[in-house]
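The values are calculated or read from the model by the stated rules, or taken from the named source; none is laboratory data. In this text, all values refer to a predicted model and were calculated from it rather than measured experimentally. Counting neighbours? That spans all protein chains shown, and the Cβs are built from the backbone with ideal geometry, glycine included. Heavy atoms of the whole protein, side chains included, go into the accessibility calculation; ligands, DNA and RNA do not. Shrake-Rupley method; radii C 1.70, N 1.55, O 1.52, S 1.80 Å.
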There are 2 protein chains.
Amino acid sequence: MDQVQHNHANPQADLFIKMVIQAWDTQNDRLDKLIGQLPEERLYAQTAPGKNRGYYLLGHLVAISDAMIPLLGLGEKFHPELEAIFVSKPDNTNIISPSIDDLKKYWKEIISKLSHHFKLMSSDDWFSRHNAVSPEDFAREPFRNKLNIIINRTNHQSYHLGQMIYLK
Amino acid sequence: MDQVQHNHANPQADLFIKMVIQAWDTQNDRLDKLIGQLPEERLYAQTAPGKNRGYYLLGHLVAISDAMIPLLGLGEKFHPELEAIFVSKPDNTNIISPSIDDLKKYWKEIISKLSHHFKLMSSDDWFSRHNAVSPEDFAREPFRNKLNIIINRTNHQSYHLGQMIYLK
């Protein structure tokens with residue numbers, strides 16, 4: 001898709017979409033940098049006594065980003081098996097697989113797919129309904145659109161990044 | 001100001017301003033709830049061994065929110081003295097003043113002032129330059145607008161809220 005498909009009657013929308021994606025990219029860059037710096041044994045450590053391990057939070061962020069793919073109508077999850085380990089269950093220090101290297105690889109794969117699609121989306125796409133809201137609810141609550149997913153997931157990632165930074 | 005001053009040629013703009021403010025309000029509500037639940041001695045504790053106290057992070061968030069008032073062109077800071085304690089210097093466990101009750105009071109006062117002004121701002125106001133960017137830089141980088149301050153500060157608050165939650 002090219003620029004022609006964007007809604008050029010509304011330059012503020014293009015600007016706003018850029019702002020939201022920029023904030024998302026910033027958080028991703030910070031997480032990338034952090035997991036690139038931390039030795040594996042630090043990531044397997046708890047972020048604070050009795051709190052989630054860095055490993056769990058990394059897996060959690062990978063799983064939540066993976067779930068954005070179907071939520072935004074961009075296809076299927078790459079790694080549906082992650083949800084049971086890193087989302088629906090709390091951290092369990094016996095779990096050390098998938099490996100940290102695998103999680104990092106998954107992360108890059110998912111973020112790269114999302115970024116690729118984001119470049120192709122028009123402002124009308126962004127303001128359309130995401131897949132966890134019904135057409136009826138969306139008619140009443142038009143803010144439950146795809147762009148709002150990015151705003152919320154960016155904040156979610158900041159929240160956990162604030163915890164993972166304690167491993168430094 | 002009333003609805004007439006909003007740009008009604010651009011209903012998407014009203015919608016995304018609403019999305020950004022909603023995310024900001026959500027983080028504020030979470031912080032409100034957390035500081036309402038934590039006993040004072042917990043807030044004076046470190047969020048993790050050797051890490052910032054809840055008290056410092058609360059003061060930090062109050063100071064950063066207070067600084068949004070001039071940044072958005074809405075007036076002067078209520079408490080300029082907070083910056084030296086909670087922003088430009090790291091946490092120092094000898095510091096226990098202003099009191100937590102005072103910080104909570106300042107917080108409510110600042111958030112209430114911001115909310116009041118946000119309701120009066122038109123979409124053109126939101127997409128105008130904030131006061132930490134020059135007109136020249138803004139011409140090149142129009143995303144450095146007032147609405148972007150809210151997006152960034154919401155993420156900043158999520159980050160520290162992820163740390164403060166460790167006090168529970």
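Observations
- Counting every alpha-carbon pair across the protein assembly as shown, the share separated by more than 27 Å comes to 49%.
- Shielded residues, the range B:120-150 - accessible-area loss of 50 Å² or more between chain alone and all protein chains, probe 1.4 Å: B:PHE127, B:PHE143
- Copy-to-copy label distances for B:ASP101, where each label lies 7 Å from Cα along Cα-to-Cβ, are 5.9 nm in order of increasing length.
- Accessible area (Å², 1.4 Å probe, nearest 10) - A:MET121: 10 Å²
- Centre separation in Å (Cα based) which lies between the range A:27-94 and the range B:90-159: 30 Å
- Residue with peak Gaussian network fluctuation, chain B [Cα springs, cutoff 10 Å], from B:ILE95, B:ILE111, B:ILE17: B:ILE95
- Local net charge near B:ILE151, Cβ-Cβ under 14 Å (Lys/Arg +1, Asp/Glu -1): +4
- Two-site label geometry, B:LYS89 and B:ASP32: point separation in nm, points 7 Å out along Cα→Cβ: 3.2 nm
- Straight Cα distances below 15 angstrom link B:LYS113 to the aspartates and glutamates B:ASP25, B:ASP66, B:GLU76, with same-chain residues fewer than 8 positions distant left out.
- Going from the isolated chain to the complete set of protein chains, the range A:22-56 loses at least 20 Å² of heavy-atom accessible area (1.4 Å probe) at A:GLN22, A:ALA23, A:ALA48, A:PRO49, A:LYS51.
- Solvent-accessible area lost on pairing B with A (1.4 Å probe, both sides summed) amounts to about 3000 Å².
- Label-point separation, B:ARG42 to A:LYS108 (7 Å along Cα→Cβ), nm: 4.1 nm
- Percent carbon-and-sulfur accessible area, chain B, ignoring ligands, DNA and RNA, probe 1.4 Å: 52 percent
- Listed residue pairs exceeding 31 Å between alpha carbons, taken from B:LYS51/B:LYS108; B:LYS51/B:LYS105; A:LYS119/B:LYS18; B:LYS89/B:LYS119; B:LYS33/B:LYS89: B:LYS89/B:LYS119
- In this assembly of identical copies, the label point of B:ALA84 (Cα plus 7 Å along Cα-to-Cβ) is separated from its counterparts by 5.9 nm, sorted shortest first.
- Along principal axes, Cα extents of the range A:42-168, largest first, whole Å: 45, 25, 25
- Among B:PRO39, B:PRO98, B:PRO49, the largest mean-square fluctuation in a Gaussian network model of chain B (Cα springs under 10 Å) belongs to B:PRO49.
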